[in-house]
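Taking it in order: structure first as structure tokens, then the write-up.
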Amino acid sequence: MKKVNLAVVGATGMVGRTFLKVLEEKDLPIENFYVFASKRSAGQTLTFKNKEYVVEELTEHSFDRGIDVALFSAGGSVSEKFAPIAASKGCIVIDNSSQWRMDPEVPLVVPEVNPEDIKLNKGIIANPNCSTIQAVVSLKPLADKYDIKRVVYSTYQAVSGAGMAGWKDLENGLKGEDPKKFPHPIAGNCIPHIDVFMDDGYTKEEKKMIDETKKILHNDNLKVTATTVRVPVFNSHSESINVEFNKDFDINELKETLKNAPGIVLTDDPSKDVYPLALDAAGTDEVYVGRVRRDESVDSGVNLWVVADNIRKGAATNAVQIAEIVINSMQ
Ligand code: A2P
């Protein structure tokens, strides 16, 4: 198997470190490996496959050495500037920021949902928003079978989604310290505010879920709305998803459809208190779906509770799965 040169940009961050972990676990064929971050971290070392790698400052010349694939998670402005530079040097960028997601030239990919879009890339492939990834994994088999009309998302999102600074706000908040990252204390609280507010009263996180769901499911006519909330959970996002269909369904058949779909673990036995939980999902790559029940308030609808590790499936694992497909296509 041909080995590739692979780089991680933002390697010292919450998602960046998980890129390294997931890359190790998946054992992709890597020849040379590079880790980039800001000037602040240059010179630090990171361990990958029992070897130490020195963190380099990301510069315009970082990609002048035949890097085949780069995983980016260093924020939107870094991706805006450096992803096109990397792509111009022949590197395929898999970008975890929101910078390129809605660009019509850039595929937005969840491998269980729309892997066929990867081949349309012109050098940049976008990794969707963490909340969107787990949602569309659960919606795709239902969209194929019952034709979705409308989706209502309500999210319960972990602090790790806001990076190291978000994690520290909860850790320190539990000790009584004031928040530094969030606008309010997160310990003992629920904050209905993720990313910035827009003029229409929605937050950007909500807009991302709405727009990205339509793009990934290839359905501009889908009606989607969302309320996204930060909760005092360290890791794993939970989501209540209300779905309305154009076709009718049988609830047992619908559960069977979810159970057999790629990437999903149906976790649904209320009689034994079994349903998806953030603590159980943490550290795994699956999307857990439970509390599956008919919405009696509409002709054809269902309620789902969907949980996944937002740093793994919601970011690093999804990106590495894309990298795996890209590398296989280079063979
Ligand atoms: P650094 O650790 O040097 O600041 P998180 O979201 O968990 O805080 O992680 C953000 C990641 O993005 C870190 O690895 C951070 O590196 C990196 N990063 C931030 N700004 C830049 C930049 N200007 N150039 C390269 N990497 C950056």
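Going through 196, 159, 152 one at a time, which residue ends up being modelled with pLDDT of 95 or more and closer than 20 Å to residue 311 by Cα? Exactly one residue qualifies, and that residue is 159. Before we move on, is residue 155 open to solvent by less than 10 Å² (accessible area, probe 1.4 Å) and not in a helix (DSSP H, G or I)? Yes; evaluated as a whole, the condition is true for this residue.
In segment 84-107, the qualifying residues are those that are surrounded by fewer than 22 Cβ atoms within 10 Å (Cβ to Cβ) and among the aliphatic types (A, V, I, L, M), and the one that is nearest to residue 61 (Cα to Cα) is 85. Kindly establish whether residue 24 is without any contact (Cβ under 8 Å) to a residue 60 or more places away in the chain, surrounded by 13 or more Cβ atoms within 10 Å (Cβ to Cβ), closer than 28 Å to residue 329 by Cβ and within 10 Å of the ligand (Cβ to nearest atom). In short, no. When residue 18 is tested against (1) part of a helix (DSSP H, G or I); (2) in contact (Cβ under 8 Å) with a residue 40 or more places away in the chain; (3) in contact with a Phe, Trp or Tyr (Cβ under 9 Å, 6 or more places away or on another chain); (4) not charged (D, E, K, R), exactly one condition is not met: (3). Restricting the first member to segment 160-182 and to residues that are farther than 23 Å from residue 238 by Cβ, and the second to residues that are part of a helix (DSSP H, G or I) and near the ligand (Cβ under 8 Å from one of its atoms), the beta-carbon pairs closer than 8 Å and six or more apart or on different chains are 180/165.
Residues in segment 183-202 that are among the charged types (D, E, K, R) and either farther than 20 Å from residue 239 by Cα or loosely packed, with under 13 Cβ neighbours inside 10 Å (or both): 199, 200. Scanning segment 55-114 for residues being more than 14 Å from the chain's Cα centre (by Cα), of a type in the set (D, E, K, R) and away from the ligand (no atom under 16 Å from the Cβ) gives a total of 6.
Between 11, 7, the distinction of being closer than 15 Å to residue 94 by Cα and part of a loop (DSSP other than H, G, I, E, B) belongs to 11 only. Is it the case, given these coordinates, that residue 247 is surrounded by fewer than 18 Cβ atoms within 10 Å (Cβ to Cβ) and without any contact (Cβ under 8 Å) to a residue 24 or more places away in the chain? No. Of the residues 173, 161, 123, only one is touching a Phe, Trp or Tyr at 6+ places or on another chain (Cβ under 9 Å) and crowded, with 16+ Cβ neighbours inside 10 Å; which? Of the residues listed, the single one that is touching a Phe, Trp or Tyr at 6+ places or on another chain (Cβ under 9 Å) and crowded, with 16+ Cβ neighbours inside 10 Å is 173. The combined condition, being of a type outside the set (A, V, I, L, M, F, W, C) and touching a helix residue (DSSP H, G or I) at 6+ places or on another chain (Cβ under 9 Å), is not fulfilled by residue 84. Looking only at segment 165-185, residues that are in a loop (DSSP other than H, G, I, E, B) and within 16 Å of the ligand (Cβ to nearest atom) come to 4 in all. For segment 33-54, a residue qualifies if it is exposed (fewer than 11 other Cβ atoms within 10 Å of the Cβ), away from the ligand (no atom under 13 Å from the Cβ) and either hydrophobic (A, V, I, L, M, F, W, C) or not in a strand (DSSP E or B) (or both), and exactly one does: 50.
The values are calculated or read from the model by the stated rules, or taken from the named source; none is laboratory data. Predicted model, so just to flag it, every value in this text is computed and none were measured. Note that we place each Cβ from the backbone using ideal geometry, even for glycine, and neighbour counts take in every protein chain shown. Side chains are part of the model used for accessible areas, which takes the heavy atoms of the whole protein and leaves out ligands, DNA and RNA. Shrake-Rupley method; radii C 1.70, N 1.55, O 1.52, S 1.80 Å.
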